[in-house]
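Undergrad: Quick one: the structure is below, questions incoming.
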Amino acid sequence: MPMLEVHNIHTYYDNIHALKGVSLSVEQGEIVTLIGGNGAGKTTTLRSISGLRKTSRGSIRLNGEELGAYKPHEIVSKSVSMVPEGRGVFARLSVAENLDMGAYIRRDRKGVEADLERVFEIFPRLKERRKQVAGTLSGGEQQMLAIGRALMAHPTLLLLDEPSMGLAPILVESIFETIQQINQEGTTILLVEQNALMALSVANRGYVLQTGEIVLSDTAANLKQNEMVQKAYLGME
Amino acid sequence: MGIHNAVKNIKSISAYQVIQFVIGALFIGYILWRLNEILRVNPIYGPDTWMRFAIAGLILGSVYALIAIGYTLVYGILFMINFAHGEIMMIGAFGGYFVFEALNAIPTPTAADPELTFLSAQPVISVLLAFIVGMSVSALSGYFLEKIAYRPLRSAPRLVPLISAIGASIFLQNAGQLLFGAQRRDYLNPEVLTRGNGWEFPVGEGTVILPYTGALTFVLSFLILIGLFTLVQRTRLGRAMRAVAENKPVAALMGVDVDGVISRTFIISGAMAGAAGVMWGIHLGLVYYFVGFIPGIKAFTAAVLGGIGNIPGAMLGGFFLGIVEAIGPPILGLSFQLKDVIAFGILVLVLIFRPTGIMGEVLTEEKV
Ligand SMILES: Nc1ncnc2c1ncn2[C@@H]1O[C@H](COP(=O)(O)OP(=O)(O)O)[C@@H](O)[C@H]1O
Ligand SMILES: [Mg+2]
């Protein structure tokens, strides 16, 4: 049984039919990437999984359990965390308070402290800036904070929405290395990206989304070789 | 065309600023002249009178601060003005009133005083009960107000919940009138808190009274304000409130029950307004269905003055307004009956010239 199984979901914004029957699955331990152009429905897919946007049809199962009836804050306590597009750090809260918010649902003090240490190990910058208000961080630091904050919930499934957006190339590489490291430490990852090249280099498998529909799904290696993917998303002729 | 328009714009902005500057300069000039007039040229008030004004202002200001926090907390989280907040205060004032009345009906005769009632025999318990009941009924009212009048309109345009708030305010006033009658009632205090009694101390050539009711009001307000500040800055709920104020979907992604936090915000605001209502009754002595209206608008002024959404701003705005009301009339050379006009004059001036308040509005990403 896959950890996450999305089956034929339809999601609307008023009368905009943003997802037209999207299906995908993520196995425990994998990095799966969802690539596609602007407006394809990547963010909407993640918002549907995390409960921020209700689907009108289809099913989303986590370890076999249907998530449709749960509110977003209830889905978090099922060990699914999301790093939203554009980071969504709480600009007026300090770095430490942002990380505390990540651990909002947790009661195990010891575990939270251990995870905080882990986050500071992955992102030493956050430790230096712990007292600083998050709105004053650079874009890269805010992305680190957004990921660190999601890790504070100790998720088994991490949803990442365009973590490379707006970052300098050197930072992009380090963010993707971090994603791999987090995965190797046992977190399953569903990664949404427009930077298809980087996403396909770290992922096990991938799906290609076009105007609300999955048009391709394969191993990351095969997708990299696929002519259509090369043309449309890797900028090759 | 474009250049022409741009030039016109620059001109109109600078004209506006000139007017603003002239009015400001005239106003400050007038105040300085009046200060000189009443302090040096023709000192009609001695230091004892000024002291009396200041005490009255601080006491009233502490009540305004309590109410103002409610406007600012709700605005910070929902970007709406809860116009029914004054009525929430009225409900709390009635809560305390009925506790005092009920306790006064329990006879506890002693040899010395066969007429003694529980209210005066046990003033500490009585006052405590009045605050607990007053704060609870206001908190409950706030909770249901949000649930019934605002929650269904959460995704409507911003003007819609505002209209609903005005409707709720009128509804609650009328409900209060139906339930409790239209007459003004005297707030019956425990004997030790008889209005007008207090500590007397000499200032200048006169004596100044610090009334017991005023001291109680000020000290309790101060404690509640510190408690609120600690709650918002230091606790898990406070952090969640600040997160929800900044970004609701992301707060939900952290596992925060956003609706629950909004409910609790109304409960906290309501409890503070309820405390203010009981204080109003104990210190000023009157309660009726309309009692929340004027303090409500004044506290709203205080919140706007401090920059709505800004908690320390609302506290300072409350104290500032209380003091201005007390010493404003003599300084401006107006009758004391015009003190309400001063408060509303300030509201109008702030809204025209500096709608973000003196301390500036807290900026949020999510200004839908
Ligand atoms: N809040 C919204 N209101 C209305 N339409 C939206 C909203 N968010 C996204 N859409 C529409 O839904 C479609 C999918 O958007 P999105 O999921 O954000 O795409 P992606 O993340 O792949 O860029 C687009 O056509 C977009 O215009
Ligand atoms: Mg997107």
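Undergrad: Kindly indicate the residue of the stretch A:40-71 that is more than 16 Å from ligand 1 (Cβ to nearest atom) and under 17 Å from A:ILE189 (Cβ atoms) and also surrounded by the fewest Cβ atoms within 10 Å (Cβ to Cβ) among those meeting that condition.
TA: Per the stated criteria, the residue is A:ASN63.
Undergrad: Just wondering, is there one or more residues in the stretch A:13-32 that are away from ligand 1 (no atom under 16 Å from the Cβ), among the charged types (D, E, K, R) and in contact with an Asp or Glu (Cβ under 6 Å, 6 or more places away or on another chain)?
TA: no
Undergrad: Okay, moving on. Listed residues A:LEU223, A:LEU216; which is more than 26 Å from A:SER79 (Cβ to Cβ), away from ligand 1 (no atom under 16 Å from the Cβ), more than 14 Å from chain B (Cβ to nearest Cβ) and touching a strand residue (DSSP E or B) at 6+ places or on another chain (Cβ under 9 Å)?
TA: Numbers: A:LEU216 fails: away from ligand 1 (no atom under 16 Å from the Cβ).
After applying the criteria, what remains is A:LEU223.
Undergrad: Among the residues of the stretch B:213-233, is there at least one that is assigned to a helix (DSSP H, G or I), within 14 Å of another protein chain (Cβ to nearest Cβ), out of contact with any Leu (no Cβ under 8 Å at 6 or more places or on another chain) and free of Cβ contacts under 8 Å to residues at least 24 places away in the same chain?
TA: Looking through the stretch B:213-233, at least one residue is assigned to a helix (DSSP H, G or I), within 14 Å of another protein chain (Cβ to nearest Cβ), out of contact with any Leu (no Cβ under 8 Å at 6 or more places or on another chain) and free of Cβ contacts under 8 Å to residues at least 24 places away in the same chain.
Undergrad: Being open to solvent by 70 Å² or more (accessible area, probe 1.4 Å) and more than 16 Å from ligand 1 (Cβ to nearest atom) is true for just one of A:PRO155, A:PRO169. Which residue is that?
TA: One residue alone meets the criteria, A:PRO169.
Undergrad: For A:GLU74, are the conditions met, namely being open to solvent by less than 20 Å² (accessible area, probe 1.4 Å) and farther than 22 Å from A:ALA203 by Cα?
TA: Judged against the criteria, A:GLU74 is not a match.
Undergrad: Ok, one more. Based on this model, can you work out whether B:PHE79 counts as hydrophobic (A, V, I, L, M, F, W, C) and either in contact with a Leu (Cβ under 9 Å, 6 or more places away or on another chain) or under 15 Å from B:MET279 (Cα atoms) (or both)?
TA: Numbers: hydrophobic (A, V, I, L, M, F, W, C): yes; either in contact with a Leu (Cβ under 9 Å, 6 or more places away or on another chain) or under 15 Å from B:MET279 (Cα atoms) (or both): no.
Answer is no for this residue.
Undergrad: May I pose another question? Every residue in the stretch B:69-115 that is of a type in the set (Ser, Thr, Tyr) and within 23 Å of B:LEU316 (Cα to Cα), please.
TA: The answer is B:TYR71, B:THR72, B:TYR75.
Undergrad: May I ask you to list the residues in the stretch B:175-198 that are under 26 Å from B:PHE118 (Cβ atoms) and either open to solvent by 70 Å² or more (accessible area, probe 1.4 Å) or polar (S, T, N, Q) (or both)?
TA: Scanning the stretch B:175-198 gives B:LEU179, B:GLN183, B:ARG184, B:ASP186, B:ASN189, B:GLU191, B:VAL192, B:THR194, B:ARG195, B:ASN197.
Undergrad: I'm trying to understand the selection: among the residues of the stretch A:10-31, which are surrounded by 21 or more Cβ atoms within 10 Å (Cβ to Cβ) and either under 15 Å from the mean Cα position of the chain (by Cα) or more than 16 Å from ligand 2 (Cβ to nearest atom) (or both)?
TA: A:LEU24, A:VAL26, A:ILE31, listed by residue number.
Undergrad: Just checking, does the stretch A:80-89 include any residue being within 16 Å of ligand 2 (Cβ to nearest atom), more than 26 Å from B:VAL258 (Cα to Cα) and open to solvent by less than 10 Å² (accessible area, probe 1.4 Å)?
TA: There is no residue in the stretch A:80-89 that is within 16 Å of ligand 2 (Cβ to nearest atom), more than 26 Å from B:VAL258 (Cα to Cα) and open to solvent by less than 10 Å² (accessible area, probe 1.4 Å).
Undergrad: All but one of (1) closer than 30 Å to B:PHE94 by Cβ; (2) open to solvent by 70 Å² or more (accessible area, probe 1.4 Å); (3) in contact with a helix residue (DSSP H, G or I) (Cβ under 8 Å, 6 or more places away or on another chain) hold for B:GLU205; state the number of the condition that does not hold.
TA: (1)
Undergrad: Looking for whichever is open to solvent by 30 Å² or more (accessible area, probe 1.4 Å) and touching a residue at least 60 places away in the same chain (Cβ under 8 Å) here; the options are B:PHE144, B:PHE79, B:PHE131, B:PHE83. Which one fits? Break it down into steps so the answer makes sense when it comes.
TA: Working: B:PHE144 fails: touching a residue at least 60 places away in the same chain (Cβ under 8 Å); B:PHE79 fails: open to solvent by 30 Å² or more (accessible area, probe 1.4 Å); B:PHE131 fails: open to solvent by 30 Å² or more (accessible area, probe 1.4 Å).
That would be B:PHE83, the only listed residue that is open to solvent by 30 Å² or more (accessible area, probe 1.4 Å) and touching a residue at least 60 places away in the same chain (Cβ under 8 Å).
Undergrad: Could you tell me whether any residue of the stretch A:184-200 is open to solvent by 50 Å² or more (accessible area, probe 1.4 Å), at pLDDT 95 or above and closer than 25 Å to A:LYS20 by Cβ?
TA: No, that holds for no residue.
Undergrad: Cβ-Cβ distance below 8 Å, separation of 6 or more or different chains: which pairs start in the stretch B:286-302 with a residue that is closer than 22 Å to B:ALA175 by Cα and end on one that is in a loop (DSSP other than H, G, I, E, B) and among the aromatic types (Phe, Trp, Tyr)?
TA: Sorted first by the residue in the stretch B:286-302, then by its partner, the pairs are B:LEU286/B:TYR187; B:VAL287/B:TYR187; B:GLY296/B:PHE83.
Undergrad: Quick one: which helices (runs of 4 or more DSSP H) sit completely within the stretch B:245-325 and have at least 2 residues that are within 14 Å of another protein chain (Cβ to nearest Cβ) and crowded, with 24+ Cβ neighbours inside 10 Å?
TA: Answer list for the stretch B:245-325: B:248-253.
Undergrad: For A:VAL95, work out the one condition from (1) open to solvent by 20 Å² or more (accessible area, probe 1.4 Å); (2) closer than 23 Å to A:GLY166 by Cα it doesn't fulfil.
TA: For A:VAL95, the failing item is (1).
Undergrad: Residue under question is A:GLY140, and the condition is that it be at pLDDT below 95, more than 14 Å from chain B (Cβ to nearest Cβ) and within 23 Å of A:THR187 (Cα to Cα); does it hold?
TA: yes
The values are calculated or read from the model by the stated rules, or taken from the named source; none is laboratory data. Remember, it's a predicted structure, so these values are computed and weren't measured experimentally. For neighbour counting, all protein chains shown are included, and Cβ atoms are generated from backbone atoms with ideal geometry for every residue, glycine included. To get the accessible areas, we keep the full protein, side chains included, count just its heavy atoms, and leave off ligands, DNA and RNA. Shrake-Rupley method; radii C 1.70, N 1.55, O 1.52, S 1.80 Å.
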